[in-house]
Structures are given as structure tokens and as C-alpha cells.
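Structure record follows, encoded as C-alpha cells.
The values are calculated or read from the model by the stated rules, or taken from the named source; none is laboratory data. Please read these numbers as outputs of a predicted model, since none were measured by experiment. So basically every Cβ, Gly included, is an ideal-geometry build from the backbone, and we count neighbours across all protein chains shown. Heavy atoms of the whole protein, side chains included, go into the accessibility calculation; ligands, DNA and RNA do not. Shrake-Rupley method; radii C 1.70, N 1.55, O 1.52, S 1.80 Å.
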Amino acid sequence: MWQDFANTLNELNKAYKALIELGKKKRNALVMVDMKTVENLLPQEEKLTADITRLEKNRQSILLKMAATSEKLGSESKMEDILSLAPAGKMREVLQKLYVMLQATVKEAQELSEGNALLIRAAMEAAAFHLNRIGGATVEPAYGRGGEVITHRKNFDYNA
């Protein structure tokens, strides 16, 4: 069971590292406003997140099996509690290293994801601004009965 747990942590770490590499490619594409590349990266990203979900469920099932065999483990147990029950020696050392590495990669993946989300929001706001500018839409500085007052300039007069 401990070897399965170590293998799962290792696979999770590999999957998160692959997600980080993909996130870096996505960030570069977003910065360059290369939406075709972003679109091509999405299926790979979906596959990686599905793999991570599967591995996480596997990790949780292993932990449930461990909790069933040990009175010291419960729903409130921390990783330190789990590692204290691991066989002393090389296995405990490997599990500790895998856990530390996984923490670092998950944190990096989250930060990269937040940065990419910010870039996406900025790109969407810029696109909306330019579409409104082209279409002649403006927001009045005061609120009307139904909220913000948006006026549209009539660019073409078809009655001419």
C-alpha cells in the first residue's frame, strides 16, 4: 500500500509538472495574443486535468484504506501524521521528498493558473473595449432607471 501511495504521489507530481509546462506555453500564447495556439492547447490541458483528477481520486482511496487499517488516521489527519506511520527508512524518506516536491509543483501550477486567468480577463476587457469603440458604444457617467446608461452612435444611416 505504501508503494502504491508513493507511485501515486510521483505520478501526480509528473502530471502537475506537465500542466506547468503547458501553462507556460499558454501564457506565452496569451501574451502574444495567439488565440489559435491557445485553442490548440486546450484539449491537452483538459486531458492533463482529467489525469490529475483520476490520480487524486486514487490517492484519496489509498488514504481511506490506510485510515481503515489505522486508528491514528482520520479525516482530520495531516500528511505528517500519515508519514509518521510509514515504514521507517527509505520508504518514509521517499514519501517525504515526494510530498515536498508535490507541494511545490501544486503551488507553482496555481500561481501560473492565476496569472493566466488575469491575462485572459485583460484580453477580454481589451477586446470588449475595442468592439465598443468600433461600434460607437459609450457608457454615460450617470446611472439611469435601469442601471448604467449605454448609448450607441449611429455609424451608418440606411435611410439615405
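Filter segment 50-84 down to residues that are in a helix (DSSP H, G or I) and small (Gly, Ala, Ser) and give me whichever is nearest to Asn7 (Cα to Cα).
The residue in question is Ser61.
This table checks each residue for (1) more than 26 Å from Ala123 (Cα to Cα); (2) free of Cβ contacts under 8 Å to residues at least 40 places away in the same chain.
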position	(1), (2)
Leu19	no, no
Glu45	no, yes
Glu56	yes, no
Ile62	yes, no
Ala67	yes, yes
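Return the residue satisfying two criteria in turn: it lies in segment 85-106 and is outside any helix (DSSP H, G or I) and among the hydrophobic types (A, V, I, L, M, F, W, C), and of such residues it is surrounded by the most Cβ atoms within 10 Å (Cβ to Cβ).
Restricting to residues being outside any helix (DSSP H, G or I) and among the hydrophobic types (A, V, I, L, M, F, W, C), the top hit is Ala86.
If you check Leu22 against the conditions, is it in a helix (DSSP H, G or I), in contact with a Gly (Cβ under 6 Å, 6 or more places away or on another chain), buried (at least 16 other Cβ atoms within 10 Å of the Cβ) and not charged (D, E, K, R)?
no
Here is a list: Ala109, Ala128, Ala123. Which entry is modelled with pLDDT under 80, assigned to a helix (DSSP H, G or I) and surrounded by 15 or more Cβ atoms within 10 Å (Cβ to Cβ)?
After ruling out the rest, the residue left standing is Ala123.
Residues checked against (1) at pLDDT below 90; (2) open to solvent by less than 30 Å² (accessible area, probe 1.4 Å):
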position: Gln3; (1), (2): yes, no
position: Leu9; (1), (2): no, yes
position: Asn13; (1), (2): no, yes
position: Leu30; (1), (2): yes, yes
position: Met35; (1), (2): yes, no
position: Asn40; (1), (2): no, no
position: Thr53; (1), (2): no, no
